[in-house]
There are 2 protein chains.
Amino acid sequence: MPQEDPWEPEVWRARAMVPHLVPRWPAWLFRWRVACTPGVSMQQKTWVGQSRPPSWGCPPGAAGPSPLVRRGSSSTSSRAPEVALTCKRYPVQRLPFSVVSEEDLAAFERIVPGRVITDPEEMEASNVDWLRTMRGCSKVLLKPRTSREVSHILRYCHERNLAVNPQGGNTGLVGGSVPVFDEVILSTALMDQVISFHSVSGILVCQAGCVLEELSRYVEERDFIMPLDLGAKGSCHIGGNLATNAGGLRFLRYGSLHGTVLGLEVVLADGTVLNCLTSLRKDNTGYDLKQLFIGSEGTLGVITAVSILCPPKPRAVNVAFLGCPGFAEVVQTFSTCKGMLGEILSAYEFMDDECMQLVRHHLLLASPVQESPFYVLVETSGSRAEHDTEKLSSFLERTLGSGLVTDGTVATDQRKVKALWALRERITEALSRDGYVYKYDISLPVDRLYDLVTDVRARLGPRAKHVVGYGHLGDGNLHLNVTAEAFSAALLGDLEPYVYEWTAGQQGSVSAEHGVGFKKRSVLGYSKPPEALLLMRQLKTLLDPKGILNPYKTLPAQA
Amino acid sequence: MPQEDPWEPEVWRARAMVPHLVPRWPAWLFRWRVACTPGVSMQQKTWVGQSRPPSWGCPPGAAGPSPLVRRGSSSTSSRAPEVALTCKRYPVQRLPFSVVSEEDLAAFERIVPGRVITDPEEMEASNVDWLRTMRGCSKVLLKPRTSREVSHILRYCHERNLAVNPQGGNTGLVGGSVPVFDEVILSTALMDQVISFHSVSGILVCQAGCVLEELSRYVEERDFIMPLDLGAKGSCHIGGNLATNAGGLRFLRYGSLHGTVLGLEVVLADGTVLNCLTSLRKDNTGYDLKQLFIGSEGTLGVITAVSILCPPKPRAVNVAFLGCPGFAEVVQTFSTCKGMLGEILSAYEFMDDECMQLVRHHLLLASPVQESPFYVLVETSGSRAEHDTEKLSSFLERTLGSGLVTDGTVATDQRKVKALWALRERITEALSRDGYVYKYDISLPVDRLYDLVTDVRARLGPRAKHVVGYGHLGDGNLHLNVTAEAFSAALLGDLEPYVYEWTAGQQGSVSAEHGVGFKKRSVLGYSKPPEALLLMRQLKTLLDPKGILNPYKTLPAQA
């Protein structure tokens, strides 16, 4: 069945092809195998609050949604049953908030009847982060359906001085989405309604708990796409995406959420509902308050609804997966690509060979091109297929001819496009199966991007299992990941502050798109001056004077 | 000389053509005529602080730069020699700031030696706004060159409780850029240096006083373009553009400044320099502070430098100028356009016939197409000329065939493109020559956009000279303008709050892109809830506790 082969080239195939080292299996087969590994049924139980199960493209007979490819499920729990309490692993002191009492639980029950969760097993998935590196000990999880309910909860917590941990899909990578101690967890899982969609303008208004992939499906049925896409799309909530200012795979084309988000509804710490949920592309009536909350990780307010501009669905999508002989060629290919593909370029991602090895080893995904030191994924999205194919062909001809690229394959069929994307999107998952992961999400000048990986690899030597580099090259965004058998303070000491100092030396950012959360809050100073940190602190005090919203996150601990 | 005719069609011409009613003159001829009208030499004298004169494409022998097409010059002073003091025309009370003393002037002279202007004639252009509807009575204008000097000035003014009016190109349309009373004017005119430009990423870092048109020229020479463009480009400063969150002609394609601005340097009210001048596409290290200052009109801080992402220069630009039989057809043409032109669509502007009459009458610009109730300007920008032409031709064929469009012309040659754009860009100028202008800059759902114009026209009848509608239809942004022989409180009473209530009834915005400034500050409540206004006031108090920065602007007067 040749049509089952996701690596069958559609448009172009490199001339000097070598035989593939791994069998070419269809993508659904990989997924099916993964779905059948042990632990699935237990994890499904932990999937509380998901009002509709995400539908995956599983073959008939497969065991339904695969939690292993979905961030937010405790995918690795069969591997590592116990995650240390955050307060045991990291130096952090509980702040003097109140402790949840029986009276508090009764009050919550009056606000969200039947949606107050206290069963420890049911709370497990909300106390532990996706990476399984942090564990809180919250005793209560609340599931409001409306912003009015969120308002009542926050007003109550504010009066009682109870700390609150707002939680979306719990897919964050910096420990921002789980409690550090016993914070009340306020989940947006049941706030999953689309409020409106305008079919001419493409403006979507929805509640904060809508799952990104569900929204994608919803707007794609109406000939639009979401302006953001990321590996965790099957679980992450749009409210959480905004709270972390998620970047992701479409950033290169559609830009930052600061540009595409048109309006927000936010509940402030004292329960005030701030309704800035406009559906207008332009609105200059005073300060643009919504911007404050985009990227503030729930520390300034709880996002309850979102108005976002969706771009028209491209009529043609092509993905090319290329092998490059060196990082200099990766960068040069990018320049060539920008010039030749222009307005149809929608993604430029790279990964090194060590990433490919991990993806192959842990997920059984095969490389569609011959082994190379680097791989590049180029995506085009346009309104006229034949024009796009022509542009892409010229580009590929040029880069292959000049030696920038040594091998490549192109896909236009949706299933094959997805299979190529999976190689890049599932690196995070492969890494998490490799052991304890030290994650760095860095912005750097494009030409120096990979030097950091090389330097860290040399510095750590055999003490690390793997040192890999991949990411959104088109945005100057490197994901540097280091794996080891287990967490080790000594290895951490070798990595930090080295990585941060290196980054600061290049005027880079120590957090490009993952945010600060709990894990990076002490390193903000590497990328921001003291005056900025002071102003951030003042804003926090203004908006949340008691500090009840997502404490221990985003801002450095106060002396 | 047929090549001198800007209306010569390049690609396509409507089939049912009627003879043109006005002579087809080359664009430079119109400009030359304008440049030779009385008053030019006097106005040139008022052009202080422009470190390099903008170079216009005037024919040999013409009298140099034409201030009449450049916002910021007192272009209409020959018409109306006296502008009433703002405090006489509007109900506004001076706040208890100090008055500039001789000691203050001496202190300023120490901070910016030789750049303290007190000559009343020289200050005239900075005390009066471009529309000549507001006049302050500032006695001193300061021209710092560096952010350090700005910091010293603000620290001094903060200590002395002196109010400060930050001023860029003074091209604003809501009275935000001129003093209301005797505020110290802090001009960015000498802060006009490019700091860096990265030729791969297209990231430009420059001082706030760079003139937009100069920056455009600078980056275009390097194969990039500025992500914003507006009629006032010849005078407006990039810092002022950011402070007002200017929208303009490229918004449809490149989006909001909240997305394209990467970093800012801002001097706060007490002189603190807040350096967030990063050159990274992604940076999630804490709250995105720069967003606070974009659109805050100098009331929260003075923007002193900017880092902005410039898109690659398109290799092919086409402009089509079309006649439409009704507004419904304008909207339908837009939908068709989005679908068929997709990613190459870079502007969709509309104007009604009354606009065209004013442009013809006051600026001697001829319509390139037969008389129609509405006109549309469509621009495409792409990387491959033949592809774009093909897409545009299909679109034009379709819209002409279906009767959505009745006549049209297309330009690809740069000079002709400019001539077509002039028809749209110079409406503001034509209006200002028509008499006193009541200006409204409204965001509305696209399909209701023009109803407001029709309703106002019916309501005012012959009491108005002209009621016109034009604007950025692709962004849902209407410019409703009403002209009369002179200012009349009665006519104003007919317009307000009617226009604002009408807009609020459609959940529109009473200020889409021009900002709030002095003139719209009392109407914010039509588009923002009380909770938002309260938070804005709190932010102002946090950042500028003495209220010295651009007082009487942006926020409603306190009771």
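Descriptive notes on the structure:
- Residue in the range B:397-411 that is within 14 Å of another protein chain (Cβ to nearest Cβ) and in a helix (DSSP H, G or I) present: yes
- Exactly one residue among B:SER511, B:SER522 is farther than 18 Å from A:LYS282 by Cβ and among the small types (Gly, Ala, Ser), and that residue is B:SER522.
- Restricted to the range A:455-483, and to residues there that are within 14 Å of chain B (Cβ to nearest Cβ) and either in a helix (DSSP H, G or I) or touching a Pro at 6+ places or on another chain (Cβ under 6 Å) (or both), the residue that is surrounded by the fewest Cβ atoms within 10 Å (Cβ to Cβ) is A:GLY474.
- Any hit, the range B:269-286, residues being farther than 24 Å from B:GLU159 by Cβ, in contact with a Ser or Thr (Cβ under 6 Å, 6 or more places away or on another chain) and among the hydroxyl-bearing types (Ser, Thr, Tyr): yes
- When B:ARG217, B:ARG148, B:ARG222, B:ARG253 are checked against the criterion of being of a type in the set (D, E, K, R) and modelled with pLDDT under 95, a single residue qualifies: B:ARG253.
Matching residues to (1) in a helix (DSSP H, G or I); (2) within 14 Å of chain A (Cβ to nearest Cβ); (3) at pLDDT below 95:
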{"residue": "B:GLU354", "(1), (2), (3)": "yes, no, no"}
{"residue": "B:GLN357", "(1), (2), (3)": "yes, no, no"}
{"residue": "B:HIS361", "(1), (2), (3)": "yes, no, no"}
{"residue": "B:TYR375", "(1), (2), (3)": "no, no, no"}
{"residue": "B:THR380", "(1), (2), (3)": "no, yes, no"}
{"residue": "B:THR389", "(1), (2), (3)": "yes, yes, no"}
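- Tally of residues being touching a residue at least 60 places away in the same chain (Cβ under 8 Å) and either part of a loop (DSSP other than H, G, I, E, B) or more than 12 Å from every other protein chain (Cβ to nearest Cβ) (or both) across the range A:516-559: 18
- Condition broken by A:LYS233, with the remaining ones in (1) within 30 Å of B:GLY517 (Cβ to Cβ); (2) in a loop (DSSP other than H, G, I, E, B) satisfied: (1)
- Filter result for A:GLY168 (under 25 Å from A:THR428 (Cα atoms), out of contact with any strand residue (DSSP E or B) (no Cβ under 8 Å at 6 or more places or on another chain), surrounded by 20 or more Cβ atoms within 10 Å (Cβ to Cβ) and in contact (Cβ under 8 Å) with a residue 24 or more places away in the chain): no
- In the range A:506-559, the residue that is surrounded by the most Cβ atoms within 10 Å (Cβ to Cβ) out of those that are over 22 Å from A:LEU242 (Cβ atoms) and of a type in the set (Gly, Ala, Ser) is A:GLY508.
- Entirely in the range B:178-219, the strands (runs of 3 or more DSSP E) that have 3 or more residues that are crowded, with 21+ Cβ neighbours inside 10 Å: B:184-187, B:203-207
- Positions within the range A:265-296 being more than 9 Å from chain B (Cβ to nearest Cβ) and acidic (Asp, Glu), in sequence order: A:GLU265, A:ASP270
- Residues of the range B:112-129 that are in a loop (DSSP other than H, G, I, E, B) and touching a residue at least 60 places away in the same chain (Cβ under 8 Å): B:ARG115 alone.
- Of all residues in the range B:426-454, those satisfying the criterion of being over 24 Å from B:ARG360 (Cβ atoms) and outside any helix (DSSP H, G or I) are B:ILE442, B:SER443, B:LEU444, B:PRO445.
- B:LEU309 vs. criteria more than 7 Å from chain A (Cβ to nearest Cβ), farther than 28 Å from B:ALA557 by Cα, touching a Pro at 6+ places or on another chain (Cβ under 7 Å) and not β-branched (Val, Ile, Thr): yes
- Of all residues in the range A:315-347, those satisfying the criterion of being at pLDDT 95 or above and part of a loop (DSSP other than H, G, I, E, B) are A:PRO325, A:GLY326.
- Among residues of the range A:328-341 that are within 11 Å of chain B (Cβ to nearest Cβ), those with a beta-carbon under 7 Å from a residue that is surrounded by fewer than 20 Cβ atoms within 10 Å (Cβ to Cβ) and not in a helix (DSSP H, G or I) at least six positions away or on a different chain give the pairs A:SER335/B:VAL200; A:LYS338/B:PRO312.
- Residue selected from the range A:245-295 under the condition more than 30 Å from A:LEU162 (Cα to Cα) and among the β-branched types (Val, Ile, Thr), by the criterion surrounded by the most Cβ atoms within 10 Å (Cβ to Cβ): A:THR285
- Selected residue (criterion: surrounded by the most Cβ atoms within 10 Å (Cβ to Cβ)) from residues of the range A:362-396 that are among the acidic types (Asp, Glu) and touching a residue at least 12 places away in the same chain (Cβ under 8 Å): A:GLU379
- Hits in the range B:463-506 (condition: free of Cβ contacts under 8 Å to residues at least 12 places away in the same chain and within 15 Å of B:ARG448 (Cβ to Cβ)): B:GLY505
- The condition (being assigned to a helix (DSSP H, G or I) and either at pLDDT 95 or above or in contact with a Lys or Arg (Cβ under 7 Å, 6 or more places away or on another chain) (or both)) is satisfied by just one residue among A:ASN245, A:ASN241, A:ASN275: A:ASN241.
- Among the candidates B:LEU262, B:LEU228, B:LEU252, residue that is within 13 Å of chain A (Cβ to nearest Cβ) and assigned to a helix (DSSP H, G or I): B:LEU252
The values are calculated or read from the model by the stated rules, or taken from the named source; none is laboratory data. Fair warning: this is a prediction, and the values are worked out from it, not measured in the lab. No Cβ is skipped: glycine too gets one built from the backbone with ideal geometry, and neighbour counts run over all protein chains shown.
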